[in-house]
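These notes are about the structure you will find just below.
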Amino acid sequence: MTSTQPTPPPANSVTSSASPWHEGELTMQRSVGVGVVERMAGPGRSQMGRTWMPDQHRQFYAQLPFVILGAVDTEGEVWATLRAGRPGFMHADVAEKLTLELARDPLDPADAGMEDGDGIGMLGIELHTRRRNRMNGLVSRQSDQRFHIDVTQAYGNCPQYIQLRQYEFTDAPAGPVSKLSVLDADAAAMIRASDSFYVASYVVRDGKKQVDASHRGGKPGFVRIDDDGVLTIPDFSGNLFFNTLGNFLLNPRAGLVFVDFRNGDLLQLSGRAEVILNAPEVAAFMGAERMWRFTPQQIVRRPAALPLRWIDVAAGASPNALITGSWEDAAARLKAAELATQWRPFRVSKIVDETAAIRSFHLQPNDGAGMPGVLAGQHVSVRLPLPEGGTQIRQYTLSSAPSDAFLRISVKRQGLFSDHLHTTIKVGDIIEARAPAGNFVIDASVRRPAVLLAAGVGVTPMLAMLRHLIHEGMRKRYQRPVWLFQSARSKAELAFGEEIAALVNAGKGGARHVRVVSQADDGIEASGRIDIALLKQTLPFDDYDFYLCGPASFMQQMYDGLRTMNVTDARIHAEAFGPSGLQRQVDEQAIQVPLKPAATDAVPVLFMRSAKEARWTTESGSLLELAEQRGLNPESSCRDGRCGTCRTRVLQGEVTYAKTPEFAVAEDEALICCAMPAQGCTTLHLEL
């Protein structure tokens with residue numbers, strides 16, 4: 001797995017500092033984005049620095065029938081375990097000390113790390129309510145039947161990824177304990193069936209072992225067992241504390257425990273962990289922010305070790321887990337990524353009339369590969385044979401979001417191509433399309449509010465963006481504030497009304513929708529058109545990012561108006577196809593990357609796939625025009641560097657452009673519709 005790992009801090013031991021977080025946790029917070037460390041300083045001081053239990057934590061622990069503990073054995077290996085007792089086996093007579101009435105258990109490998117003075121991590125979790133709280137501390141051993149935890153950290157935890165389960169006690173005897181050198185078939189089956197596990201980790205801080213115990217959850221099968229026996233685990237959005245992964249950066253020792261909730265079996269593993277920040281699989285696994293790999297070195301199986309049995313609560317699946325992906329889906333997405341530059345067949349699975357003129361087509365891959373990767377706001381190129389003869393290509397922005405299990409294009413009926421889609425294409429038909437592309441996208445993690453300005457069918461990418469922001473708000477528990485201004489000639493022409501209303505409702509105040517029609521109508525927020533006066537009247541005073549899509553005149557008017565309001569060019573994003581693109585006023589302070597001059601001498605060009613040669617001169621025009629002069633027919637559409645249809649791999653040599661194209665391509669690609677050999681290029685080889 002090609003990947004990027006975070007650069008770990010230099011030492012395995014950390015000392016206290018002004019920050020409530022140790023350097024491993026800070027490294028992980030920095031990996032998320034600019035400003036995260038500063039944002040987390042407050043929660044860190046208020047929670048991680050708390051050396052006592054709030055009253056609600058004391059009451060909570062006293063009602064639990066089991067607890068997760070993390071401990072370090074005499075060899076320095078960390079283990080995670082579950083210990084159970086009738087509610088009340090944990091109690092806190094004072095806020096600084098938790099008492100656990102638990103007998104020593106020599107069959108539990110974690111028990112060796114529960115001697116007087118040992119560091120210990122604890123997670124209290126109530127599966128039937130999804131409540132959980134965490135604590136780290138030091139063991140104060142009273143007897144073989146009891147010990148205290150002197151609190152060094154006590155803090156709450158979010159309920160994400162917890163499946164609802166009800167418990168009951170049983171007096172069934174425990175089975176024989178076995179130690180495994182590698183995962184056998186039964187152990188592997190237990191892991192693959194699990195929708196959760198618990199993990200322990202530790203660092204040495206101020207001379208003491210600071211141990212942490214944590215929960216991980218997902219859909220059943222979210223933990224993958226690779227051929228070498230290594231476990232790969234997607235890491236989903238959490239609280240940004242990064243206690244576990246931060247510990248791994250300083251000390252890769254890890255302990256995992258899996259539970260079979262039906263029979264009380266425990267599978268405990270101790271080994272080494274490795275954090276993966278960037279890898280193709282991270283991008284392909286829906287909901288994954290990063291991954292980590294765990295190599296087991298010691299494995300202990302303890303049948304019926306717990307006197308508890310759980311049953312799943314009806315409709316108790318974690319809503320956060322349900323919006324994550326699977327390894328099967330990730331593999332399909334990786335396969336789709338390999339086909340990103342190829343035309344693929346998509347089956348029309350659903351057709352919906354959004355208005356009298358706009359029809360939506362839901363598309364599913366029909367070639368065995370998975371859904372292509374999507375960024376909210378991107379477009380797809382569609383290729384169709386027309387009755388009039390010949391095959392034509394058009395671009396349509398997607399109205400679906402990256403989290404949707406389909407691609408959706410919403411097409412206004414205007415012109416031969418769209419008329420053919422409206423009148424001829426039926427459910428079950430095949431449409432050829434390329435992977436989504438384009439730079440008109442939105443980042444859901446940005447704190448600055450977004451203002452989406454849509455006229456007519458220009459609402460399609462805005463709907464994709466809105467869907468994405470709402471989905472990410474649910475997944476990450478942060479909703480980027482968003483305003484959608486949507487205009488049409490009449491109320492009947494306002495597309496996606498019910499869908500947008502549902503999204504606004506799901507946004508719980510984080511999303512606003514302002515509808516504008518030419519003539520006043522009941523229930524419509526504004527009449528006339530979207531203009532600067534309306535924005536001034538409606539938007540609270542704030543700093544915004546603006547997104548424009550609609551007719552060229554609308555976008556130019558809004559762009560010019562926003563610039564007169566001192567909105568920087570970098571804060572105005574626009575989508576347009578064809579030569580009528582937006583005329584921008586670049587800010588003086590904006591960093592301009594100069595383009596290399598075009599070649600002035602003749603340059604031999606080899607079209608490698610077609611085995612044809614040509615000679616480019618200053619009179620040849622673009623490389624697309626040169627290819628056409630040699631009898632080739634490369635795919636193209638906008639012929640202005642906006643859509644990406646013509647992108648072609650550059651196998652040798654270098655190209656440049658008269659102006660920077662709007663569509664961004666990889667370093668080894670060129671938009672041949674507007675590219676020319678660069679100065680100094682002696683021979684150019686193109687994959688055509």
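Side notes on the structure shown:
- Of M558, M474, M286, M608, the order by accessible heavy-atom surface (1.4 Å probe, DNA, RNA and ligands excluded), from most exposed downward, is M474, M608, M286, M558.
- Rounded Å value of the spacing that divides the Cα centres of segment 515-586 and segment 638-661: 29
- Karplus 3J(HN,Hα) series, Hz, for segment 174-190 with 6.51 cos²θ - 1.76 cosθ + 1.60 (x for Gly, Pro): 6, x, x, 7, 10, 10, 10, 7, 9, 5, 8, 4, 5, 5, 5, 5, 5
- Taking the 1.4 Å solvent-accessible surface of segment 392-534 as the whole, the part contributed by carbon and sulfur is 49%.
- Computed over segment 218-277, Kirkwood Rh from alpha-carbon pairs, angstrom: 13.3
- Each part gets one Cα centre, and for segment 158-194 versus segment 62-92 those centres are 16 Å apart.
- Computed from the Cα positions only, the extents of the chain along the three principal axes stand at 90, 64, 52 Å, in decreasing order.
- Surface accessible to a 1.4 Å probe, V482 within the full protein complex, Å²: 0
- Shape analysis of segment 339-422 based on the Cα gyration tensor places the equivalent ellipsoid semi-axes at 20, 17, 11 Å, largest first.
- Per residue accessible area of the chain, 1.4 Å probe, in Å²: 43
- Charge tally in the Cβ shell below 12 Å around L164, where Lys, Arg are +1 and Asp, Glu are -1, L164 excluded: 0
- Relative contact order of the chain, taken over Cα pairs closer than 8 Å and 6 or more residues apart, is 9 percent.
- Helical contribution to [θ] at 222 nm, DSSP H n ≥ 4, -39,500 (n - 2.57), averaged over the chain, rounded to 500: -5500 deg cm²/dmol
- Once all protein chains are placed together, L339 keeps about 40 Å² accessible to a 1.4 angstrom probe.
- Translational diffusion of segment 175-311 was estimated from the Stokes-Einstein equation, with Rh taken as the Kirkwood radius over Cα pairs; at 25 °C and 0.890 mPa s the coefficient is 157 µm²/s.
- Ligands, DNA and RNA left out, the accessible area of segment 616-657 computed with a 1.4 Å probe is 36% carbon and sulfur.
- Principal axis dimensions, largest first and in whole angstrom, of segment 152-254 by Cα: 41, 35, 29
- Annotation: Cα Rg of segment 287-409 relative to the compact-globule expectation 2.2 N^0.38 Å equals 1.56.
- Rg/Rh for segment 68-192 (Cα atoms only, Rh after Kirkwood) is 0.97.
- For S19 and R584, the difference between the fully extended length at 0.36 nm per residue and the C-alpha to C-alpha distance is 199.0 nm.
The values are calculated or read from the model by the stated rules, or taken from the named source; none is laboratory data. This is a predicted model, so every value here is computed, not measured. FYI the Cβ positions are ideal-geometry reconstructions off the backbone, even for glycines, and counts take in every protein chain you see. We work out accessible area using only protein heavy atoms, side chains counted, and drop any ligands, DNA or RNA first. Shrake-Rupley method; radii C 1.70, N 1.55, O 1.52, S 1.80 Å.
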